[in-house]
Structure formats: structure tokens, C-alpha cells
Number of protein chains: 2
Amino acid sequence: MDHHHDDKHTVVIIGYGGMGSYHAKLIKDNGRLQVIGTYDIDHARGKASEQDGYRAYESYEAVLNDAAAEIVLIATPNDVHKDLALHAFAAGKHVICEKPVTMSVEDFEAMTAAADQANKVVMVHQNRRWDEDYLIIKQMYEQKTIGDLFRIESRVHGANGIPGDWRHLDAHGGGMLLDWGVHLLDQLIFMIDSKIISVSSTLSFILGDEVDDGFEAMLQFENGVSALVEVGTTNFITLPRWYVKGTEGTGVIEDWSMTGRIVTRNRDAEIVEPKPVQAGVGLTKTMAPPSEMATLTGALPKPYAQRSSFYDNFAAVIEGADEAIVRNDEVLRVLNLIEAIFRSGRTGETVKDFDLYK
Amino acid sequence: MDHHHDDKHTVVIIGYGGMGSYHAKLIKDNGRLQVIGTYDIDHARGKASEQDGYRAYESYEAVLNDAAAEIVLIATPNDVHKDLALHAFAAGKHVICEKPVTMSVEDFEAMTAAADQANKVVMVHQNRRWDEDYLIIKQMYEQKTIGDLFRIESRVHGANGIPGDWRHLDAHGGGMLLDWGVHLLDQLIFMIDSKIISVSSTLSFILGDEVDDGFEAMLQFENGVSALVEVGTTNFITLPRWYVKGTEGTGVIEDWSMTGRIVTRNRDAEIVEPKPVQAGVGLTKTMAPPSEMATLTGALPKPYAQRSSFYDNFAAVIEGADEAIVRNDEVLRVLNLIEAIFRSGRTGETVKDFDLYK
């Protein structure tokens, strides 16, 4: 098919909840895609869709049978992504799928195999590859703004527990590792071009849900980088979103407001032996602050930009005009990493020799 | 022997460097101990001692042969603690020893066996059990100020690398795990009365020293508490000294100035579902700040007080009037934990079934 740029690709959103309606709003301003309708098993959401100006299909079958629908955007609970996608490919539709795309490596392999067989595109909405905070860190990693980054700590902290309904339930793919973890791990894998040699993790079940209400994972990469990834929903005080150490300094991004700074060694300053300071009942020279001359404090670099938006990229991919920014082999690697983190958390053992890095 | 309170116990300090001279200053104000001299293999330090008003013994033998010397205080590099202590016991002296008391469990077992045989006291200067920041956290743990603490993060961050001379060298027991690590781990073990079921750690060698320039360790206790202990000497921006999570809130102590706060759930407030906030290119309800009404921010509690100072307690112990605040079975447990952390860091494996908890 040959598409002109003013000929928008048509999208039907499956699952018109928080994320589904958010997609509709974003696509409204997009030049390459347009939403022509929605389908939700909850009739109330169908009504909401109509009030928002989008036709509510009466069934998923009706969506699949509508030749005018080119793309199915799946924004349902996680456990039904795979079946919805397989039906979409069989009906000749492309698929945009919310994250986590599936709850296992095996299911995603089945999904991509079906897409390939139908010669259709599936692209996962790993939208946090476009987050400004992340792009700043990615740029610092690539451009060695504070030397070689050897330590990356990526955290999101909330105090609201697990939100909503199905995210509490194991059968629907709930829990924080699958919800926020998939973003933070995807960001790391898209940044660090090296094999993960080991992962050690703990899962939190302090809220009494059947799914994890948070986790932390320590990752060791073959190139020497170590990373700590943490998601918490019981944190009434937050630690910084990003804390990174390079061979020449340290960087911090506090939160999504982009408050942050970098502090680097001042190579021009004379080296002054630090003076011991009182620390508790003891003295410390090791932990004394460096002299004022010894370091330089600066602003975060301006963020790196992705070559196009998620939706523009998707449109270009189905036209055969560009490569996907979110590649399926990367998505598969993240799902496999998540399985390793669950395994480590459940057994209390370090997991090695698992990474699908090529 | 029967000692009156105005009859001070006599101390000779072995190793008149940074810590040795610091002890001399502190003991000057103490009512139960007095420094009657020092010995250092470096003659320049002997001169410094005399200028400070303390007799410089010409040899360790001379100290041991001096019947007026009741206590030997060892503040030398770590590798000679054991031999100095064994000679002291043989000469009928009590011993105060700097931390880490020895570089292995085996050596400390030999040291305590020799003390027992000579019927003398050895007590390790784990002075950071008296740190105000630590005592606040210990009190919060015991009194459940923010509910049951289930997560404890204890960090010290500096940017000066490894200080001084012998601390760079493996043979002298250098490195940050033995230097600062021993304090942070000792504090945890003195606070949490539960067996450690697993430890997973990484050691940092980024500065190119033969010893670790920092480490992190994830500890799981049998009672459900998880702890992260981290020492860094390449951190140009510091994370908080303490970050703790309880079932009712979160506490933070930023640094040794005791800046900090606790934020707790407001049980009296109506529960309001948090509103999604923009975070990067996405929305999040999970990580939205709780409504202003939903939490209460308060000051840190006033610190807990130890029942006596280190030196007063030592005097009482040698008089048979009190139990040691720093117990040797605890010190042994910490040394054994340090060995497990080295093992985990070197192999990249989680270490289990090692803790000497009784």
C-alpha cells in the first residue's frame, strides 16, 4: 500500500481505560495516525469513548472485520495482549501494544512469529524511551559528560501502593516489576550495549498483595557498568529518579521536573588533601567533603532527542520507510531479564547466563 | 583489684597516628581512664606524643614490661592488631583495639581465646554505635516510630578516594569494606536481632587500588528486614546517610548534621485516590505524590542514649561492674559477615547459611 502523508493511518484502540484514552488524546495531535474508534468490554467505557467523539465498536470481531481499521492499539490488562494481537494479525492488522507486551518470553515469541507470518508490524509502546530525564542520562552515557559512567541507579518511588484494579492480580500480569520495572529495564537495555552477566534482586510484598509492590535489582554488565533498578510504592520520601557515577564526577536528576546537577572533579585545581571532619562520634577524612576548589558544579546537559515520536516512527515502519525505534529483539531481551529478576527474587539467588544479548 | 572512681585506669596507646592521637584527646576528658604514654614505630610520632605531653616508650617491650600500664590501646594498621594483642594479654594487660579488630574470623577467635586464657578484657572500639544518627534509627527501629522498619539503607559517600597510606594496601587490611564497612555492618547487627539469611554484594575497584574503594551489600534478615549497606569514595554527590521505610512511613537522615525528617501516613485523613500526574512522556497515578492531607511530615525523634560512653563502659567491664556494650560475639559475627561480603563480591554469587547469629 502506498500512503501519502496526509493520508492518516487508522487506529482502533482496544481497552479504553486510563492508557487507552491517553493514547486517543496524544494521537489527536499526531499527523500520521488517527483514531477511528475504540472497543472496551466495559459498556461504560464505550459510552465514554462516544462522548469523547470516538465510535465504540460493539465487539472485537467488529473491529477485526472493519477493513477501514489498519492498526489495532492494545491497551487492555496484560494477560489478554497476546490473544488480541494474534487475532489482529490474522485479520491483517498492524499492532501497537502497551507494555508489558506479554507476561512471558514464550508469549512474545509467539506474537512476533504470528506478526512475521502475516507480514504485519507489532511495536510495543515503550514510551519512556522518550522521557527527557532518560534521554539526558543516555546522552551523558554516550558523550561521557562526566567521564565513563560506571554506575547507574534508576529509581521510581511512590507512596500510593499498587494503583487501580487488575494491577493487584497475578492472573492479569499485575505487580510493579511488570508495570514500572519494564520501563526502567527497557531504558537501561536501550542505553547500555553490553551483555548482562548477573542479576540479583529482591521483590517486595509488604502491602500484602499477591503481586510485588516493588522490587530492586542489581545488574552487572560485561562492560563493567553496574546498575541498580528500584521501584517502590511504599516510599513516603523519594530518592532521586537518577543517580549516576562517572570516572570524572557524579550526576543526579531528582524528579520529572528535571531538577538536577552534575558535580565533577576540577582538573585545574591543585590537589589538596582533605581535612578530617567530625562525623558522629568519630573523625573522617575519607568522607570529608572535597574542598570548594576541588569540584565544579554544573547544569545537566540538554537532552538528546529521538529521531521521531513513537507514533511517527510507527507510521514510518509500517510504510517501510524507517526501522522501529522500539525493536522487538530488545523487548524480548527485557522480558527475559524480567523473568530472571523474578527467578532471583523468588529463590534469593544471583542469576547468571541468561541474557539474550547478541 | 579494687578500683576507686578517682583511681584512673592507665592506658598506653600503640600507634600514635590519626586515631591514636584522637583517642588521647578524648581520654583526656574521661573520668575513668588516663593515658600514661604511647608507642609508635615512627620516631617522629614519638616526638609528637612527647610534645602532646605523653611519654613515648622506646619499644613495645618497654610498654609490656611497665607494670604501671594496665591497658594497651591498639591503633595501628590492621594487620598487626592480633600480634600486639596476644603479647599484651601475655603481659597481663587489658586491650582496647581499633576496628577492624582483625582481618579474619580466625584471627579474632585466636585473640579472644588468648584474652580468656589470660583472664583479660578485649573490647573493640566500634565507636559508631554511639553516633547520634545511628541512635536515632535504632530508636525508630525499637520504638516503631514509623511502624515496623522493613527496609534500612545505610550509606556513606565521599569523593576523596581511599585516604592515607596503608589503607591502600591489601597486606595491611586496607579497603573500604574493612574501614567503613565494619562500622555500618556493626551498627546493623547491634540493631536487628535476627539472622542474616543471605547477602549479595559488589565491590568497587574503579580507582585502580588493589583493595576495594567501596562496596554495596544487600542483606536479607530472617525477620523480613532487608538492608542495603553502601560505602563509596567516588561519589561527588551524596545520597542520604540513612533512608528507612516503615509500615507507616519513611525516614531520612541526610548527613551528620542530623538534617532529616519523617513522613508518615495520616490515618485521620480521608483516603483520596491520587490523581495521575505527568511524568516524562507518560502519566502515572502510582508515582503521583500523595495529597497534602494524606501524609504528615515530622522531625526526627530525639536520639536514644547509650548507657555509658565507650571508655566508661570499658572501665566498668574491667572492674567487673558492667557488661561490654561492644560484645565480642557481635564483633565476630560482623567479621564473618565481612568475609561473606568479600566472597559474594568476588564470585558474583549470593551467599547464604553463613551467619553466626545465635
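Points to keep in mind about this one:
- Exposure of residue B:50 as accessible area (Å², to 10), given a probe of 1.4 Å and all protein chains: 110
- For residue A:140, solvent-accessible area (1.4 Å; no DNA, RNA or ligand), Å²: 0
- Cα centroid of segment B:303-358 to Cα centroid of segment A:129-154, whole Å: 40
- Interface burial in segment B:155-172, defined as at least 30 Å² less accessible area with all protein chains than with the chain alone at a 1.4 Å probe, covers B:160, B:163.
- Based on the Kirkwood approach, the hydrodynamic radius assigned to the protein assembly as shown is 28.2 Å, with every pair of different Cα atoms included.
- Per residue accessible area in Å² of segment B:9-125, where ligands, DNA and RNA are left out and the probe is 1.4 Å: 42
- Where labels lie 7 Å past Cα in the beta-carbon direction, separation of residue A:195 and residue A:42 in nm: 4.5
- In this structure the amide hydrogen of residue A:9, modeled in the peptide plane, comes within under 5 Å of the amide hydrogens of A:33, A:34, none closer than 5 places in sequence on its chain.
- Within the listed set A:176, A:123, A:258, the Gaussian network model of chain A (springs between alpha-carbon atoms below 10 Å) gives the highest mean-square fluctuation for A:258.
- Other protein chain Cβ atoms within 10 Å, averaged over every residue that makes up B:286-295: 5
- Charges were assigned to the Cβ only: +1 to each Lys and Arg, -1 to each Asp and Glu. The resulting dipole of the protein assembly as shown about its Cα centre is roughly 1000 debye.
- Charge dipole (debye, nearest 20) of segment A:9-125; +1 at Cβ of Lys and Arg, -1 at Cβ of Asp and Glu: 400
- DSSP-defined beta bridges in the protein assembly as shown - what % are antiparallel, rounded to 5: 60
- For residue A:233, the residues whose amide H sits under 5 Å from its own are A:158, ignoring neighbours fewer than 5 places away on the same chain, with H placed 1.01 Å from N.
- Top of B:174, B:298, B:15 by mean-square fluctuation, Gaussian network on chain B, Cα under 10 Å: B:298
- Taking a ≥ b ≥ c as the square roots of the eigenvalues of the Cα gyration tensor, an a/c ratio of 1.5 or more together with a/b no larger than b/c marks segment B:239-358 as oblate.
- Sparse-neighbour loop sites [GluC sites (Glu not before Pro); segment A:242-310; at most 12 other C-beta within 10 Å; DSSP]: A:270
- When peptides A:54-61, A:271-278 are sorted by average Cβ neighbour count within 10 Å, with the highest value leading, the order is A:54-61, A:271-278.
- Counting only protein heavy atoms and a 1.4 Å probe, segment B:212-358 has 44 square angstrom of accessible area per residue.
- Farthest towards the positive end of the charge dipole of the protein assembly as shown, among the residues A:111, B:130, B:207, is the Cα of B:130, using unit charges on the Cβ of Lys, Arg, Asp and Glu.
- Element breakdown for the protein assembly as shown at a 1.4 angstrom probe: carbon and sulfur atoms account for 49% of the accessible area.
- Residue A:356-residue A:283 pseudo-label distance in nm [points 7 Å out on the Cα-to-Cβ vector]: 5.7
- Charge dipole magnitude, Cβ of K and R +1, D and E -1 - segment B:108-230, Cα centre, debye nearest 20: 380
- Taking amide H as placed 1.01 Å from N in the peptide plane, residue B:151 has its amide H under 5 Å from the amide H of B:226, B:245, each at least 5 places away in sequence or on another chain.
- Too-long pairs where the Cα-Cα distance tops 22 Å, listed order kept, from A:245/B:245; A:285/B:99; B:25/B:99; A:275/B:302; A:302/B:275; B:99/B:245: A:245/B:245; A:275/B:302; A:302/B:275; B:99/B:245
- Here residue A:80 yields copy-to-copy label distances, from shortest upward, of 7.6 nm, the label point defined as 7 Å from Cα along Cα to C-beta.
- Note on segment A:13-50 and segment A:201-271: Cα centroid distance 34 Å, given to the nearest whole angstrom.
- Each other copy holds its own label point for residue B:346; taking that point as 7 Å from Cα along Cα to Cβ, the gaps run 3.3 nm, nearest first.
- Ligands, DNA and RNA aside, residue A:180 has an accessible area near 10 Å² when probed at 1.4 Å.
- Positive-end residue of A:294, A:332, A:305, charge dipole of segment A:261-358 with Cβ unit charges: A:294
- Of all the options B:22, B:39, B:304, the one that moves most in a Gaussian network model of chain B with Cα springs shorter than 10 angstrom is B:22.
- Area hidden from solvent between B and A (accessible, protein heavy atoms only, 1.4 Å, total, Å²): 5700
- The orientation-averaged projection of the convex hull spanning the C-alpha atoms of chain A amounts to 21.1 square nanometres.
- The gain in end-to-end length when the residue A:169 to residue A:327 segment is fully stretched comes to 54.0 nm, 0.36 nm per residue minus the alpha carbon separation.
- Within chain B, percent of DSSP bridges classed antiparallel, to nearest 5: 60
- Distances in nm from residue A:68 to the matching label points in the other copies, shortest first (labels 7 Å along Cα to Cβ): 10.6
- For the residues of B:273-282, the average number of beta carbons from a partner chain within 10 Å of their own beta carbon is 6.
- Scattering profile of segment B:9-125 at q = 0.10 Å⁻¹ [log10 I(q)/I(0), Debye over alpha-carbon scatterers]: -0.25
- Accessible area in the full protein assembly, largest first, 1.4 Å probe, for A:293, A:19: A:293, A:19
The values are calculated or read from the model by the stated rules, or taken from the named source; none is laboratory data. A quick note: this is a predicted structure, and the numbers were derived from the prediction, not measured. We place every Cβ from the backbone using ideal geometry, glycine too, and count neighbours over all the protein chains shown. Protein only, heavy atoms only, side chains kept; ligands, DNA and RNA dropped before computing areas. Shrake-Rupley method; radii C 1.70, N 1.55, O 1.52, S 1.80 Å.
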